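**Student:** Before I ask anything, here is the structure I am working with.
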Amino acid sequence: MTELGVNEGECMTDADALAFQQRQSPDIFDVPYYKTLEKYMQLLGQDPRQKNGFRNFIVTAVVISITGNIVPTLLELYISLCNKNVDAVIDVFPHFMAATISAIKILNIQINRQNFNELLRFVAKEWKQLKLNNELHVLDETLIQGNKMAQLYRRSLLSALVLFLLIPLISPIMDIVLPLNKTRPRQQLLKINYIIFDDADYFFYVYIQLAWSSIMVVVTIISVDSLYILLIHHSSGLFAVCGHRVQNATKNSNASQVVSGNYKYEQIRNCIIIHDEAIQFYNILNESSRNTYLIQVGLNMLIISATAVQAMMNLDTPEEAIRSLVFCGANQFHLFVLSLPGQVLLDHCAKLANNIYNSTWYGAPVQIQKILYVMQIRSAKPCRLTAGGLYEMNIENFGVTFKTCMSYITMLMSLK
């Protein structure tokens, strides 16, 4: 029987061993807040349970769908630049940049797949551990805020998408409901150019293709950003858990206690461990996002400025003006959502330093005081999410960026 057991073990393939290991390890979608993102992540090929080959295929399909917006808008942008048509450039530029941003988001996730898989595994493991330690309520306070923000973000952008898709259909619908002696002028979803044929001759076919590409652009943006929101709030929650542990570990401390092997020392040791894990989590997250943040912030500023000018240029055509305003508002909200989680992380880092300072550290043994002093020094260095190390993602800089956009709008209107 022993020999049979050995032979059976030897026959286990690497795939079987990997599957067994995955079944034993915590699943990210066991965490309720990530459960709502399961379908979105599967649609983008970012579900860790999917095989690498299948994930690559899905990402390729998503990028091709997004390219359906990038290529025709890029051709129209090129022709407008060649004709020195500033109005046409302003019309097409925001849509081209929005599609480009979505492609950058999905490609960044794909390129840094190993880092994101590691972050998701850590989230699932830490969630399970905190639940066993009855400390989950501390992390929950932060994650509930992040989840509400992600839900509001998804609903807002999806609502804007629906309105954006419906506006070009107003004229065709009115031709059916209230027909005139002539066909009403039709405005395509985006300013595009296919070169080989006139898009007006195939209005509905072109509309369906652009609508599908636009849906993939928005779904990609809200999925990736929602994931970032939850990960950043999880990182912030870890600092909150660390501060909670410090407060509990130093409560009713007695300097006469024996440090080695006692309960208080073990609690402080756990504080050090989770603080180190929180910093490692932040480092991986910042490394995986700093370059794409730089591109996104820069392009968002240009999009907001261009769409605001576009809305003012089209005040005589309400349909176009409304569509431009919806697009401008969506991009402002996008920039705000990029900045706010970084502010949350900064606030929780500062709160940890305050929790250590306000704890009864002075009643703890000297050895524990030294450990807390090291934590205090590290906490004085805030964990900042940056855009290429040049721009900090926080609310203050969001305000500065918005003012800069107003300056760009003034400049573009003067050129007009």
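The numbers here are math on the coordinates, done by the rules we state, and not lab data. A quick note: this is a predicted structure, and the numbers were derived from the prediction, not measured. All Cβ positions, glycine included, derive from the backbone under ideal geometry; neighbour counts span all protein chains shown.
**Student:** Taking only DSSP H segments of four or more residues, each worth -39500 (n - 2.57), what value at 222 nm results for the chain once the sum is divided by all its residues, to the nearest 500 deg cm²/dmol?
**Tutor:** Details: 14 runs with 322 residues, N = 416.
My calculation for the chain gives -27000 deg cm²/dmol from helical runs alone.
**Student:** Also, quick follow-up: Classify region 33-415 from the C-alpha gyration tensor, please: rounded if a/c falls under 1.5, else prolate or oblate depending on whether a/b exceeds b/c.
**Tutor:** The shape class here is prolate.
**Student:** If amide hydrogens are placed 1.01 Å from N in the peptide plane, which non-local residues have theirs closer than 5 Å to the one on E392?
**Tutor:** Hits under the 5 Å cutoff: A387.
**Student:** Could you compute the FRET efficiency for V366 and C82, with r as their C-beta to C-beta distance and R0 at 45 Å, rounded to 0.05?
**Tutor:** 0.05
**Student:** Also, quick follow-up: Could you state the angle between the C-alpha long axis of helix 366-379 and the longest principal axis of the C-alpha atoms of the chain, as a value from 0 to 90 degrees rounded to the nearest 10?
**Tutor:** With rounding to tens, the tilt is 10 degrees.
**Student:** Then there is this: Let a ≥ b ≥ c be the square roots of the eigenvalues of the Cα gyration tensor of region 132-195; is it rounded (a/c under 1.5), or, if not, prolate (a/b larger than b/c) or oblate?
**Tutor:** prolate
**Student:** How would you order 272-285, 73-86 from highest to lowest mean count of nearby Cβ atoms within 10 Å?
**Tutor:** 272-285, 73-86
**Student:** A follow-up question, please. If you average the C-alpha positions of region 33-89 and of region 153-184 separately, how far apart do those two centres end up, in angstrom?
**Tutor:** 23
**Student:** Classify region 28-183 as rounded, prolate or oblate from the Cα gyration tensor: take a ≥ b ≥ c as the square roots of its eigenvalues, call it rounded if a/c is under 1.5, otherwise prolate when a/b beats b/c and oblate if not. Provide the component values of the computation, followed by the final result.
**Tutor:** Working: a/c = 2.69, a/b = 1.89, b/c = 1.42.
It is prolate, given that a/c is not under 1.5 and a/b is the larger ratio.
**Student:** Ranked highest first by the average count of other Cβ atoms within 10 Å around their residues, in what order do 107-120, 212-225, 44-57 fall? Write out the running numbers ahead of the final one.
**Tutor:** Working: 107-120: 17.6, 212-225: 22.1, 44-57: 15.4.
So the peptides 107-120, 212-225, 44-57, ranked by packing, come out 212-225, 107-120, 44-57.
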